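Here is the structure we will look at.
The values are calculated or read from the model by the stated rules, or taken from the named source; none is laboratory data. Just so it is clear, the structure is predicted and the values come from calculations on it, not from any experiment. Quick reminder, even Gly has a Cβ in these numbers, built from the backbone with ideal geometry, and neighbours come from all protein chains shown.
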Ligand code: CP
Ligand code: NVA
């Protein structure tokens with residue numbers, strides 16, 4: 001069974017197919033093939049969501065399928081039914097399962113026991129659906145006709161703030177996969193961890209990212225400036241300490257001025273204006289945050305369609 005738990009679960013060739021398909025789905029939104037016809041897909045949430053929940057629910061529907069939205073707390077999972085049994089039971093009803101949860105081992109366990117494709121809708125470790133939407137958003141600009149992944153090569157991404165987060169890990173993994181340069185900047189204690197280095201090694205990808213405590217160094221001549229919340233879901237207990245430590249890494253117009261003049265500002269959202277980014281930057285012409293949000297729909301439809309194709 002072909003799952004999508006991390007960026008490299010598609011080869012480069014398959015990833016190109018996903019972006020090409022996302023472009024087709026976007027340009028003919030109400031008038032395209034429906035590869036999920038007569039299928040039902042579960043969307044299982046252990047955490048809050050606006051974009052992931054809505055884009056998958058709408059996406060399954062637009063592909064001709066029926067979305068079944070589930071919550072860990074009001075299923076028997078919340079009362080201790082094992083992941084193994086839950087995955088086996090769900091596989092008897094559903095044709096695919098999207099999961100947003102805490103530990104990455106939870107989506108891995110679902111995938112190990114399910115007989116249907118599992119898609120990672122965010123874990124504490126990574127957020128690959130967001131990255132495919134973000135890369136598609138860039139490809140629409142770098143090569144609007146072909147959305148050619150080759151046009152990502154050599155682009156410099158600056159990632160600021162919590163460099164130990166799911167979004168930082170996904171950017172590190174994607175940069176290595178697609179040949180982009182990535183410079184991360186954040187405070188000590190929030191550096192990329194061993195898990196992402198092990199994930200790169202497992203894929204045979206070089207550990208090519210840099211980490212600095214100086215925001216300006218990271219942003220210098222960047223093509224893309226990316227940030228995310230300073231307090232991710234599950235980190236609320238250390239909110240005050242995180243906000244104090246990360247204050248020097250707020251993306252301001254002054255900082256953006258160090259990037260290339262045509263650099264894009266990106267954020268997976270939700271944003272906290274005045275914390276990780278200023279309102280001025282969020283509202284600036286360089287900001288492409290709402291295109292990223294929209295593209296969750298088109299990219300995830302393409303991911304689901306590709307998995308259906310690969311799983312025959
Ligand atoms: N970016 C993202 O995943 O948003 P949600 O938490 O609203 O799903
Ligand atoms: N890092 C954030 C991303 C939200 C989409 C979190 O995990 O809460």
* Structure fact -> A careful count of residues in segment 290-309 that are crowded, with 21+ Cβ neighbours inside 10 Å and under 13 Å from residue 65 (Cβ atoms) gives 5
* Asked: Can we say residue 136 is in contact (Cβ under 8 Å) with a residue 24 or more places away in the chain, farther than 23 Å from residue 252 by Cα and within 16 Å of ligand 1 (Cβ to nearest atom)?
  -> yes
* **Every residue from segment 182-196 that is without any contact (Cβ under 8 Å) to a residue 60 or more places away in the chain and assigned to a loop (DSSP other than H, G, I, E, B)** => 188, 189, 190, 191, 192, 193
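Kindly provide the set of residues from segment 163-181 that are in contact with a strand residue (DSSP E or B) (Cβ under 7 Å, 6 or more places away or on another chain), closer than 19 Å to residue 248 by Cα and free of Cβ contacts under 8 Å to residues at least 60 places away in the same chain, ordered by number.
Residue satisfying the conditions is 163 alone.
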* Given (1) part of a loop (DSSP other than H, G, I, E, B); (2) more than 23 Å from residue 76 (Cα to Cα); (3) modelled with pLDDT of 95 or more, number of the condition residue 31 does not satisfy -> (3)
* Asked: Failed condition for residue 155, given (1) in contact with a strand residue (DSSP E or B) (Cβ under 6 Å, 6 or more places away or on another chain); (2) closer than 23 Å to residue 257 by Cα, with all others met?
  -> (1)
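Suppose we keep only residues that are more than 30 Å from residue 117 (Cα to Cα), assigned to a strand (DSSP E or B) and in contact with a strand residue (DSSP E or B) (Cβ under 9 Å, 6 or more places away or on another chain) within segment 264-312. Which one would you say is nearest to ligand 2 (Cβ to nearest atom)?
Our first condition is that a residue be more than 30 Å from residue 117 (Cα to Cα); within segment 264-312, this holds for 264-265, 271-288.
Checking the rest, the ones that are also assigned to a strand (DSSP E or B) come to 264-265, 273, 277, 287.
If we keep only those that are in contact with a strand residue (DSSP E or B) (Cβ under 9 Å, 6 or more places away or on another chain) as well, we get 264-265, 277, 287.
Working: 264: 18, 265: 16, 277: 14, 287: 17 Å.
Here the answer is 277.
Suppose the filter is within 16 Å of ligand 2 (Cβ to nearest atom), in contact (Cβ under 8 Å) with a residue 24 or more places away in the chain, in a loop (DSSP other than H, G, I, E, B) and under 30 Å from residue 185 (Cα atoms); does residue 124 pass it?
Judged against the criteria, residue 124 is a match.
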